[in-house]
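Chemist: Attaching a single structure in structure tokens format; questions to follow.
The values are calculated or read from the model by the stated rules, or taken from the named source; none is laboratory data. Since this is a predicted model, take the numbers as computed values, not measurements. Virtual Cβ from ideal backbone geometry, glycine too; neighbours counted across all protein chains shown. For accessibility, only protein heavy atoms count, side chains too; no ligands or nucleic acids. Shrake-Rupley method; radii C 1.70, N 1.55, O 1.52, S 1.80 Å.
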Amino acid sequence: MAVTGWLESLRTAQKTALLQDGRRKVHYLFPDGKEMAEEYDEKTSELLVRKWRVKSALGAMGQWQLEVGDPAPLGAGNLGPELIKESNANPIFMRKDTKMSFQWRIRNLPYPKDVYSVSVDQKERCIIVRTTNKKHQLPLDDALLSFAHANCTLIISYQKPKEVVVAESELQKELKKVKTAHSNDGDCKTQ
């Protein structure tokens, strides 16, 4: 959406605002039924959070989808509707804008800066983040890459090369050779 179109849609939206905990919180209700909530730092006017919510096909309000800001941490003991919690070591992708720039952050990337390459593709109008394939030292093949989109989630898959599948199979064979004995006190011992 062009900047002028975006500003006009914000102007025409029904708005509610409040100040709370040093943040200016603004709720937008658009004519098409979409909702947007933003939070700004009260002192700097920096955008801290932007999230969207749309009605489902049956008219019920959907879940908030975060566009800008940190994902809200799950409360202690609250593992969400699926009762499954992601590993806290998985990369976390988020957007956090500053007053003068758009900013994207990928957290939990333990490797040094020289492993990553970040560039702009002028033709496709996108920013590309690449990593060197240091884990297996195998060339990457476009034919092994696929992606899908479902439930507001982009799923990117890269088929494991034959060499990796064979190596993992050999590892599993070795692990089956390891005997596990049970002691009388219930503790497991590996031999």
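Chemist: Looking at (1) modelled with pLDDT of 85 or more; (2) in contact with a helix residue (DSSP H, G or I) (Cβ under 9 Å, 6 or more places away or on another chain), which is the one condition that is false for Trp52?
Modeler: The one condition Trp52 does not meet is (2).
Chemist: Taking Glu35, is it open to solvent by 70 Å² or more (accessible area, probe 1.4 Å) and not aliphatic (A, V, I, L, M)?
Modeler: The answer is no for Glu35.
Chemist: Lys135 is checked against (1) open to solvent by 70 Å² or more (accessible area, probe 1.4 Å); (2) within 19 Å of Pro91 (Cβ to Cβ); (3) of a type outside the set (Val, Ile, Thr); (4) modelled with pLDDT of 75 or more and fails just one. What number does that condition carry?
Modeler: Every condition holds for Lys135 apart from (4).
Chemist: Which one of these is among the aliphatic types (A, V, I, L, M), at pLDDT below 85 and surrounded by 15 or more Cβ atoms within 10 Å (Cβ to Cβ): Leu47, Leu7?
Modeler: Sole residue among the options that is among the aliphatic types (A, V, I, L, M), at pLDDT below 85 and surrounded by 15 or more Cβ atoms within 10 Å (Cβ to Cβ): Leu47.
Chemist: Any idea which residue in segment 90-129 is nearest to Glu39 (Cα to Cα), counting only those that are open to solvent by 90 Å² or more (accessible area, probe 1.4 Å) and at pLDDT 85 or above?
Modeler: Result: Ile127.
Chemist: Additional query: Restricting attention to segment 63-89, which residues are within 23 Å of Leu47 (Cβ to Cβ), modelled with pLDDT under 80 and either exposed (fewer than 13 other Cβ atoms within 10 Å of the Cβ) or of a type in the set (Ser, Thr, Tyr) (or both)?
Modeler: Pro71, Ala72, Pro73
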